[in-house]
Amino acid sequence: MAPKKYVFSPGPATLPREVLENASRALLDFQGTGISILETSHRSKVFEELLEKTKRDLKFLLEIPDSHETLFLQGGASLQFHMAPLNLFLHSRPVDALHTGYWTGKAIKEIEKLGPCHVAGSGESADFKTLPEKFDWSDQPSFVYLASNNTIHGTQWKTFPEHPSAPLVADMTSDILSRPIKVSKFGLIFASAQKNLGCAGLTLAIIDRELAERCAKTAPTMLQYRTHIEKNSLYNTAPTFAIYIASLMLDWLKQNGGVAGIESLNLKKAALLYDYIDQSALYRCPVNISDRSTMNAVFRIGKNDTLLEQEFLLAAEREGLIGLKGHPSAGGIRASLYNALPLEAVETLVAFMERFSQAHLA
Ligand SMILES: *Cc1c(COP(=O)(O)O)cnc(C)c1O
């Protein structure tokens with residue numbers, strides 16, 4: 001019999017079975033309307049109700065204050081790398097960026113196209129295995145930029161740095177809704193949906209309404225947060241199916257203890273894997289212990305034994321453990337442990353790792 005499959009992919013990522021089952025029914029008949037969710041107008045009453053419900057659920061789960069607006073955008077986190085500075089740069093005042101790896105590197109490149117970017121903290125000299133501890137803020141930055149979880153390097157901010165005056169802008173693509181956050185501390189949070197919030201095609205943005213007014217009205221209409229605030233995310237055709245999947249994910253999350261409940265499960269999953277790795281003679285986690293991500297656990301075999309790692313990945317796949325290959329830029333192995341990944345998946349992975357270890361530590 002083929003083994004049960006567990007998806008450890010970094011994104012698009014695993015989804016709960018019941019979300020997929022509900023979605024498959026809605027592909028044929030959306031909420032008893034007799035037509036598919038894919039055929040449903042973004043201007044219809046049923047869809048507008050779905051949009052409002054999704055906003056309400058996000059507001060409830062993340063405790064979003066009234067000062068902030070929730071937006072459903074497209075273009076992925078990668079478009080936000082440009083859209084955020086386009087909207088939030090203040091004349092000649094730099095962006096202070098905290099550089100923690102691949103994705104902040106891409107964001108910094110986009111910021112630099114629009115104005116000065118000052119790297120106020122960097123993990124580069126430590127190969128991004130630790131997060132910066134000291135910050136060299138500029139006088140009056142336009143905003144401070146960071147990524148809350150570094151998907152590729154396996155690090156995660158446990159507490160967020162605070163600047164005395166500038167708003168904080170955070171890419172939370174790979175850990176949104178995985179733990180409680182204080183939204184009021186952020187001017188802007190953005191996240192692609194395909195890791196913790198559903199499927200590809202949707203980008204969530206949560207923005208302080210006042211901050212959105214910084215943008216010049218001459219900026220491209222689609223790239224102004226203000227446009228989407230004024231039109232309630234319906235300026236143009238919204239990514240209806242991806243919003244629907246997000247709504248199912250939020251239902252699932254509410255039934256599973258909300259953000260606090262999922263955080264304790266996430267901590268349990270991460271501890272199980274990291275504790276196993278730390279006592280093992282074969283596997284090694286290169287990441288500084290206090291900076292380790294609960295969402296993406298990266299590890300190596302032996303002294304970066306790439307041949308044995310390839311063998312590991314092939315054997316894992318045969319046993320139904322999918323998507324464990326590290327990012328090409330980092331190599332090694334990465335287990336993504338997003339909200340929807342059940343504890344039993346990590347238990348199965350650890351049992352496999354132990355068998356593989358016994359076979360190769362002769
Ligand atoms: C995956 C990821 C991105 C890229 O998201 P896209 O939707 O492909 O643009 C950006 N930032 C982080 C932290 C990510 O994990």
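Computed from the coordinates by the stated procedures, all read-outs in this text should not be read as laboratory data. Quick caveat, the model's predicted, so the values are computed rather than measured. Glycine also receives a Cβ, built like all others from the backbone with ideal geometry; neighbour counts cover every protein chain displayed.
Under the combined filter of DSSP loop state and at most 14 neighbouring Cβ atoms within 10 Å, segment 53-116 retains these GluC sites (Glu not before Pro): Glu63. Each Lys and Arg contributes +1 and each Asp and Glu -1, all at the Cβ; summed about the Cα centre of segment 46-89, the dipole is approximately 140 debye. Net charge dipole, segment 65-195: roughly 240 debye, given to the nearest 20, about the Cα centre with Cβ charges of +1 for Lys and Arg and -1 for Asp and Glu. Taking a spot 7 Å from the Cα of Phe60 along the direction of its beta carbon, which residues of segment 240-276 have an amide N less than 12 Å from it? 250-259, by backbone N distance to the label point.
Report note on the peptides 302-310, 99-107, 168-176, 242-250: ranked by the mean count of other C-beta atoms within 10 Å, highest first, their order is 168-176, 242-250, 99-107, 302-310. Give the whole-number value, in cubic angstrom per residue, of the convex hull volume spanned by the C-alpha atoms of segment 88-147. Spread over its residues, the Cα hull of segment 88-147 gives 72 Å³ apiece. Annotation for segment 300-362 versus segment 137-207: alpha-carbon center distance of 28 Å. Loop-located trypsin sites (Lys or Arg not before Pro) in segment 234-277 (DSSP state not H, G, I, E or B) with no more than 14 neighbouring Cβ atoms inside 10 Å do not occur. Listed by chain and number, the lysines placed with their C-alpha closer than 17 angstrom to that of Lys129 are Lys158, Lys303; residues fewer than eight positions away on the same chain are left out.
P(r) tail for the chain: Cα pairs beyond 27 Å make up 49% of the total. Considering only Gly75, Ser165, His118, and ranking their Cα positions along the charge dipole of segment 64-188 that arises from unit charges at the beta-carbon of Lys, Arg, Asp and Glu, the one farthest toward the positive end is Gly75. Within the chain, DSSP assigns beta bridges of which about 55% are antiparallel (rounded to the nearest 5).
Computed over the alpha-carbon atoms, segment 1-111 gives an Rg to Rh ratio of 1.07, Rh here being the Kirkwood radius from the mean inverse distance.
With a ≥ b ≥ c the root eigenvalues of the C-alpha gyration tensor of segment 72-183, is it rounded (a/c under 1.5), prolate (a/b larger than b/c) or oblate? Note, shape of segment 72-183 comes out rounded. Residues in segment 106-149, backbone N under 19 Å from the label point at Ser165 (7 Å along the Cα-to-beta-carbon vector): list them, ranges by number please. Once the point is set 7 Å along Cα→Cβ of Ser165, 116-120, 135-145 turn out to lie under 19 Å by backbone N, inside segment 106-149. Loop-resident trypsin sites (Lys or Arg not before Pro) (DSSP state other than H, G, I, E or B) in segment 1-62 with no more than 11 further Cβ atoms inside 10 Å of their Cβ: Lys4, Arg43.
The sum of -39500 (n - 2.57) across all DSSP H runs of n ≥ 4, divided by the residue count of the chain, sets its helix-only mean residue ellipticity at 222 nm to -12000 deg cm²/dmol.
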